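The values are calculated or read from the model by the stated rules, or taken from the named source; none is laboratory data. These figures come from a predicted structure and were not determined experimentally. No Cβ is skipped: glycine too gets one built from the backbone with ideal geometry, and neighbour counts run over all protein chains shown.
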Amino acid sequence: MEEPSVLDYLKSKLIPWKYERLDLPAPPPKVGEARPVESALPARPVNAAQPAAVPALRAEPVRVALPGRSLGALFFALAAQFALRPTPDRDWVIGAAFLSLAFILLAWAVIAGEIRLADLPAETDRSGPYPVDLVSLAIGGLLALFAFIIFIFPFFTDQSPEFSLLNLAVLGLALLFVGRAFWIPVQSWMEQARGRLQSLRALPWQISLAGNALIAILAFGLVLFARFYRLGDVPPEMNSDHAEKFLDVLRVLSGQTLIFFPSNGGREALQFYLVAGLHRFLGLPLNFMILKIVTAGVGFLALPFIYLLGKEIASPRVGLFAFLLAGVAYWPNVVSRVGLRLPFYMLFTAALFYFLVRGLQRNSRNDLIVAGVLLGLGFYGYSADRILPLLALAAFGLFLIRRQPASKRKSALVSLAALIMVSLVIFIPLFSYMISAPEHFFERMLTRMGDWERPIGDPIPKVFLHNTGRALAMFSWDAGVVWPISIPGSPALGIVAGGLFYLGAGLVLIRYVRKRSWVDLLLLISIPILLLPSILSLAFPEENPNLYRTGGAFVPVFLLGGLALDGLMRALQSKAPERLGNWLAYGLACVLLLLHFTQEYTLVFDNYYKSYRLSAWNSSEMGEIARDFLKIHQQAAHVWVVGYPNWVDTRLVANNAGFPGVDFELKAENLPATQGEPGPKLFMLNPQDYENLAALQALYPDGRVQYYKSKVETKDFLLFIVLPQDTG
């Protein structure tokens, strides 16, 4: 007969009228101790027809111990984030008080042994006494010098350095030889491919999904949904930055293979080449959607590195929780959806972070060479990536200053040299541009850090400290007022993500104090390092904080959240009986993740969407009308948007009409010149532009005025239509 479970016992006690009564057996006697007479079963009577009745065993009721301190810490952390949510009467004092209680209970739980983080994996050593190939290094150095000369040569002919097949080929060879000089030999790719093929042949090829695999598939699908659902209309409209992006993409398509694009404060090139490639090779139209596809894809690619990093520093479960928390969160989602270069900071931070930690933990020089490649490529992604060398130096510094064998420290220094050299080779094109046009390369950075555009109002240390405080408060209080990439006045993290982040930060800090792990300290100090692109906006402190220049910090923030959730589950699993503990632990995780997804979904697809829609001008509606007008009247028609202060970007109207790179703007002084243009004419005007409307009515007395009621309140506009019969 199958042994009854704990659940069967609970059913018998809670629903006795439905289930058979069950009692716990008496505990076995200790070694050397005789069983009490009253607990012994009576002997069966000899030759008895019926067995003697067995007396019922009495037992104490099951008491399920819960990790009260840990759950209390979770409650107050969530309550703090809830109290700090954006409301007219929110008070930071209440939130700070709740958060203080959460930290007190958390410390108590750790001291009592109630909660602990997943153990850091033991360090391994994949290196050996492999020397540096000095011949390859010398060849690579000469090729790198030759590549620099080729890249910088146009500067001496008053031209800007550009990419070409020749300089890219030389640069690629230089990278190959420098990387080969440090690369540790591994199994050849042919042997690896043969081994994988044999392993595939050995598979039973039966579809069988284990529980963990099914959970991973569901998590992947949920994140995929959050990142790409309604990508076409969230956000709904372009702004002037997007108009500038299309001009740069058109430059690439016209054959200008620029290394750096100097317009609009200077911009890195990687996004423009990706968009141009999708347009040329896949035929995607140059519209808002193609920009979103590239940046949403880049943002999504950052997430697997968060999973791998969580797995590297803790466990697959921590990695999965960090992946889920970050994947559906409002902060990285809106930064990826907006169609600008911003998510490259998140991608290169996540990838670099992973290979840095993996390479140092495992003493793997090859992983650190890959980190150097990523560090170099990051300079072509987004200007905030320029802070990543500081992250790499911090990781190596924390690793090197701890107590360890001299051989391991020497190996790390060689790996650091490899990382620096590889990244410098990749940086050569930008370095040549930096020398030829420093005013463009440093413009965006120095206008924020210095007084190139406007003077810094207060003493620099005071502004820096103020900016640092505001940036650190962005997770719970206010992440800025830049409406295209945020909900103005809202924090970067929702209630669940914020609560778990603070618990994770507290747990990691306590563990560092106890065990002095360099990985724990790196997780904590990487947050202010990765916030620096926003903090260093000294001349424009109102731009700090914002979600995009702080985007790299999402990696340690959500990793800390994943560590906290895993720690809470461990506390439940260790306190309650095994089966019940698992149910309670996974139940808590499911509830928190469901609440997290629900709130973040509302933030992105409701709050952010509405805020953006009310703030952006409706160039898509105007472009649709222009496109229909031109389609009806063919090539003979003309469309203009009459300029008006602080109104729609007329380039975006043309782009939405299907004419990227064209500007529909018509200045007031050029209104009379339109009489010389034959064919139908469509003028779009701001409804407050009475002066230009009167001028058009004077020029075209038979023209017709239509008031266009927009789908968005306060975004109406006027149409002034002139057809050939109206001009006589």
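What about residue 306, is it in contact with a His (Cβ under 7 Å, 6 or more places away or on another chain) and either assigned by TED's automatic domain parsing to the domain that holds residue 554 or assigned to a helix (DSSP H, G or I) (or both)? Spelling it out, it is not the case that residue 306 is in contact with a His (Cβ under 7 Å, 6 or more places away or on another chain) and either assigned by TED's automatic domain parsing to the domain that holds residue 554 or assigned to a helix (DSSP H, G or I) (or both).
Residues are listed down the side, and each one gets a yes or a no for (1) among the hydroxyl-bearing types (Ser, Thr, Tyr); (2) buried (at least 19 other Cβ atoms within 10 Å of the Cβ); (3) at pLDDT 95 or above:
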| position | (1), (2), (3) |
| --- | --- |
| 482 | no, no, no |
| 508 | no, yes, yes |
| 529 | no, yes, yes |
| 534 | yes, yes, yes |
| 543 | no, no, no |
| 547 | no, yes, yes |
| 552 | no, yes, yes |
| 556 | no, yes, yes |
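Scanning the stretch 289-318 for residues that are surrounded by fewer than 21 Cβ atoms within 10 Å (Cβ to Cβ) and touching an Asp or Glu at 6+ places or on another chain (Cβ under 9 Å) gives 315, 317.
With respect to being in a loop (DSSP other than H, G, I, E, B), assigned by TED's automatic domain parsing to the domain that holds residue 562 and under 17 Å from the mean Cα position of the chain (by Cα), residue 339 fits the description.
When restricted to residues that are at pLDDT below 95 and within 18 Å of residue 242 (Cα to Cα), the stretch 627-657 contains 1. Residue pairs whose Cβ atoms lie under 8 Å apart, sitting 6 or more positions apart in sequence or on different chains, and linking a residue in the stretch 622-634 that is of a type in the set (Lys, Arg) to a partner that is buried (at least 19 other Cβ atoms within 10 Å of the Cβ), are 627/656; 627/657.
Just so you know, in the stretch 410-450 the residues that are over 30 Å from residue 462 (Cα atoms) and hydroxyl-bearing (Ser, Thr, Tyr) include one that is surrounded by the most Cβ atoms within 10 Å (Cβ to Cβ), and it is 415. Taking the stretch 686-707, which residues are at pLDDT below 95 and of a type in the set (S, T, N, Q)? Matches in the stretch 686-707: none. Within the stretch 538-552, not a single residue is of a type in the set (A, V, I, L, M, F, W, C), assigned to a helix (DSSP H, G or I), touching a residue at least 24 places away in the same chain (Cβ under 8 Å) and out of contact with any Lys or Arg (no Cβ under 7 Å at 6 or more places or on another chain). Scanning the stretch 434-463 for residues that are within 22 Å of residue 536 (Cβ to Cβ) and of a type in the set (Ser, Thr, Tyr) gives a single hit, 447.
Out of all the residues in the stretch 121-133, is one or more surrounded by 14 or more Cβ atoms within 10 Å (Cβ to Cβ) and in a helix (DSSP H, G or I)? No, the conditions are met nowhere in the stretch 121-133. Among the residues of the stretch 358-380, is there at least one that is part of a helix (DSSP H, G or I) and either surrounded by fewer than 16 Cβ atoms within 10 Å (Cβ to Cβ) or among the aromatic types (Phe, Trp, Tyr) (or both)? Checking the stretch 358-380: not a single residue is part of a helix (DSSP H, G or I) and either surrounded by fewer than 16 Cβ atoms within 10 Å (Cβ to Cβ) or among the aromatic types (Phe, Trp, Tyr) (or both).
Annotation: residue 172 fulfils all but one of (1) closer than 30 Å to residue 66 by Cβ; (2) surrounded by fewer than 16 Cβ atoms within 10 Å (Cβ to Cβ); the unmet one is (1). All conditions but one from (1) modelled with pLDDT of 95 or more; (2) in contact with a helix residue (DSSP H, G or I) (Cβ under 7 Å, 6 or more places away or on another chain) apply to residue 402; the one that does not is (1). Of all residues in the stretch 675-695, those satisfying the criterion of being assigned to a helix (DSSP H, G or I) and under 22 Å from residue 621 (Cα atoms) are 690, 692, 693.
Looking across the stretch 669-728, just one residue is under 16 Å from residue 639 (Cβ atoms), touching a helix residue (DSSP H, G or I) at 6+ places or on another chain (Cβ under 9 Å), surrounded by fewer than 15 Cβ atoms within 10 Å (Cβ to Cβ) and charged (D, E, K, R), and that is 704.
Being modelled with pLDDT of 95 or more and basic (Lys, Arg) is a description that applies to residue 386. Among the residues making up the stretch 76-88, those that are surrounded by fewer than 16 Cβ atoms within 10 Å (Cβ to Cβ) and more than 25 Å from the chain's Cα centre (by Cα) are 87, 88. When the criteria are applied in full, residue 634 fails the requirement of being in a helix (DSSP H, G or I) and either crowded, with 19+ Cβ neighbours inside 10 Å or in contact with a helix residue (DSSP H, G or I) (Cβ under 8 Å, 6 or more places away or on another chain) (or both).
In the stretch 388-396, the count of residues that are surrounded by fewer than 23 Cβ atoms within 10 Å (Cβ to Cβ), within 18 Å of residue 441 (Cα to Cα) and in the same structural domain as residue 533 (by TED's automatic domain parsing) is one or more.
This table checks each residue for (1) of a type in the set (A, V, I, L, M, F, W, C); (2) at pLDDT 95 or above; (3) farther than 30 Å from residue 493 by Cα; (4) not assigned by TED's automatic domain parsing to the domain that holds residue 501.
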position: 99; (1), (2), (3), (4): yes, yes, no, yes
position: 105; (1), (2), (3), (4): yes, yes, no, yes
position: 118; (1), (2), (3), (4): yes, no, no, yes
position: 134; (1), (2), (3), (4): yes, yes, yes, yes
position: 140; (1), (2), (3), (4): no, yes, yes, yes
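The one condition from (1) in a loop (DSSP other than H, G, I, E, B); (2) at pLDDT below 90 that residue 85 does not meet is (2). Within the stretch 357-416, the set of residues being touching a residue at least 12 places away in the same chain (Cβ under 8 Å) and hydroxyl-bearing (Ser, Thr, Tyr) comprises 364, 380, 382, 383, 411, 415.
Yes/no per residue for (1) of a type in the set (A, V, I, L, M); (2) closer than 21 Å to residue 485 by Cβ; (3) not assigned by TED's automatic domain parsing to the domain that holds residue 299:
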{"site": "244", "(1), (2), (3)": "no, yes, no"}
{"site": "248", "(1), (2), (3)": "no, yes, no"}
{"site": "260", "(1), (2), (3)": "no, no, no"}
{"site": "264", "(1), (2), (3)": "no, yes, no"}
{"site": "279", "(1), (2), (3)": "no, no, no"}
{"site": "286", "(1), (2), (3)": "yes, no, no"}
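Kindly indicate whether residue 492 is in contact with a Phe, Trp or Tyr (Cβ under 6 Å, 6 or more places away or on another chain), more than 21 Å from residue 107 (Cα to Cα) and crowded, with 17+ Cβ neighbours inside 10 Å. Criteria met by residue 492.
Only one entry in 403, 386, 409 is among the charged types (D, E, K, R) and not in a helix (DSSP H, G or I), namely 403.
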